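**Q** Submitted below is the structure of interest, expressed as structure tokens.
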Amino acid sequence: MNAHPRHDAFAALRHRPFLFLITGNLLLSTALLIQTVVIGYELYQLTHDPLALGLVGLAEAVPFIGLALFGGHMADRREKRRLMQQAGAVVLVSSLVLLWAMLPSTQATLPRHALLATIYSSIFILGLARGIYSPTSAALRAFLVPREIYANSASWSGTFFQAGAIAGPALAGFLYLLLGMSGTLVVTVAMVIANIVLIGFIPPQPVAPLRPGGGDLWASLREGLVYVWRTKILLYAISLDMFSVLFGGVVAILPIFAEDILKVGPQGLGLLRAAPAAGALVTVIACNWFPPTRRPWSTLLIVVAGFGAATLVFALSTTFWLSIAALFATGAFDSVSVVIRSTLLQSLPAEDMRGRVASVNSIFISASNELGAFESGLAARLLGTVPSVVAGGIATLMTVGYVASRSKVLGLFKVRIA
């Protein structure tokens, strides 16, 4: 008899509710990325101001961060499938408003300041919806597969997410050329509706019973924050990701590289936006066969340092395909970090804590992504596009060095989660 059971790389996909969840998330993330790309390109065409792109991230990050802790509390207290559908309905309404704002007739009659206010307000509402949807989805995932395949489910969840991150930008450029702005946004509305339907196929999951005193809202929110603060490997893992993407992320200002530096237009922008996700997809699929959770902490430090180095290569590149390769590498390195953090988030918290812990992680992610987008736009305006990205890559490497010195003292290098 074989003492070591054969590793099943497809174990999580054999659970249909989990497959419904990650397919629905794939549709939603793809739709939102298509919206982000085409609206970002349109905004830059209208304003030629890097800060206008950064404000898109700020408009989504502020409500998301403000609501995410409450979203985690709701995820631990409410039936998760229904809560996700309600958040998806809000996304649908916001997407319909964006579609209306981008109609040629609306743009011809609406004053420019009113048009911009409508766009940013719709993105603000999307941020509110994501503040509920994101921690609820993360909490629900752990209920849909057995504990022994959490790492596998994290890899497949990352695989589907990165597939959407590739498909979104690539489809954005293609649909924009084929259907125009309005037609592209009609497609995204249909994808949001499909997400709501798919989530409805997931069986209702039981709500974990409240602990004594667990009904108090502020005590509940504080409990999630305290748990992350005291669990050092979680705290350092999500902090490392936040600061690396906050400083080193370049996605928000890619329209400037596409238009002014590499001069490749909207088709090239779609490829630039898809390149990090392509690298992530290839790597996260490999993680299903070669899990990076044997020595998670040292692996995490290495891949985040690689992310910073690849960012520096992209900043200094003036060749389109070298830029594509550097962005591909940033996604490959980041995907390993995602798998490790997702496994930690599923494995460590108790069932009635997962939503709140996931919400803390979501806040850190939003701070790195959306606030990072604002930081990128602001830095590009103040320092210049290329110098701002060089500074971000250097800051990422410095962050890795600092966290490595702190984690060595705490003994995190010896941690095992698989």
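**Q** Out of the residues in segment 287-306 that are among the polar types (S, T, N, Q) and either in a loop (DSSP other than H, G, I, E, B) or modelled with pLDDT of 75 or more (or both), which is nearest to Asn152 (Cα to Cα)?
**A** By that ranking, first place goes to Thr293.
**Q** Considering Leu140, Leu126, Leu178, Leu171, which residue is without any contact (Cβ under 8 Å) to a residue 40 or more places away in the chain and part of a helix (DSSP H, G or I)?
**A** Result of the check over Leu140, Leu126, Leu178, Leu171: Leu178.
**Q** Run down Ala367, Ala395, Ala391 and say which single residue is surrounded by fewer than 24 Cβ atoms within 10 Å (Cβ to Cβ), of a type in the set (Gly, Ala, Ser) and at pLDDT below 70.
**A** So the residue among Ala367, Ala395, Ala391 that is surrounded by fewer than 24 Cβ atoms within 10 Å (Cβ to Cβ), of a type in the set (Gly, Ala, Ser) and at pLDDT below 70 is Ala367.
**Q** Looking only at segment 251-265, which residues are part of a loop (DSSP other than H, G, I, E, B) and out of contact with any helix residue (DSSP H, G or I) (no Cβ under 6 Å at 6 or more places or on another chain)?
**A** The initial filter retains those residues of segment 251-265 that are part of a loop (DSSP other than H, G, I, E, B), namely 262-264.
Residue satisfying the conditions is Lys263 alone.
**Q** I would also like to ask the following. Do you know which residues across segment 143-155 are among the basic types (Lys, Arg) and in a loop (DSSP other than H, G, I, E, B)? Before you say what the answer is, go through the steps one by one.
**A** First, pick out the residues of segment 143-155 that are among the basic types (Lys, Arg): 147.
Hits for segment 143-155: nothing passes.
**Q** Taking the condition in contact with a Ser or Thr (Cβ under 6 Å, 6 or more places away or on another chain) and of a type in the set (A, V, I, L, M, F, W, C), does Leu99 pass? Walk me through it before giving the result.
**A** Values: in contact with a Ser or Thr (Cβ under 6 Å, 6 or more places away or on another chain): no; of a type in the set (A, V, I, L, M, F, W, C): yes.
Answer is no for this residue.
**Q** Give the residues of segment 236-250 that are in a loop (DSSP other than H, G, I, E, B) and over 19 Å from Pro387 (Cβ atoms), sorted by residue number.
**A** Of everything in segment 236-250, nothing turns out to be in a loop (DSSP other than H, G, I, E, B) and over 19 Å from Pro387 (Cβ atoms).
**Q** Related question: Out of curiosity, is Leu51 more than 26 Å from Phe20 (Cβ to Cβ), surrounded by fewer than 21 Cβ atoms within 10 Å (Cβ to Cβ) and not small (Gly, Ala, Ser)?
**A** When the stated conditions are applied, Leu51 passes them.
**Q** Sticking with this structure for a sec: Any idea how many residues of segment 56-107 are within 20 Å of Asn25 (Cβ to Cβ) and either acidic (Asp, Glu) or without any contact (Cβ under 8 Å) to a residue 24 or more places away in the chain (or both)?
**A** Count: 3.
**Q** Still on this structure: Out of segment 132-167, which residues are farther than 15 Å from Pro291 by Cβ, modelled with pLDDT under 85 and either under 13 Å from the mean Cα position of the chain (by Cα) or among the polar types (S, T, N, Q) (or both)?
**A** Ser134, Pro135, Ala138, Phe160, Phe161, Gln162, Ala163, Gly164, Ala165, Ile166
**Q** Of everything in segment 79-118, what is over 18 Å from Val187 (Cα atoms), within 25 Å of the chain's Cα centre (by Cα) and in a helix (DSSP H, G or I)? Give them in sequence order.
**A** Lys80, Arg81, Arg82, Leu83, Met84, Gln85, Gln86, Ala87, Leu116, Ala117, Thr118
**Q** So, in segment 269-286, exactly how many residues are free of Cβ contacts under 8 Å to residues at least 60 places away in the same chain and either farther than 14 Å from Gly173 by Cβ or outside any helix (DSSP H, G or I) (or both)?
**A** Selection size over segment 269-286: 4.
The values are calculated or read from the model by the stated rules, or taken from the named source; none is laboratory data. Everything numeric in this text was worked out from a predicted model, so none of it was measured. Please note: Cβ atoms are built from the backbone with ideal geometry, for glycine as well, and neighbour counts cover all protein chains shown.
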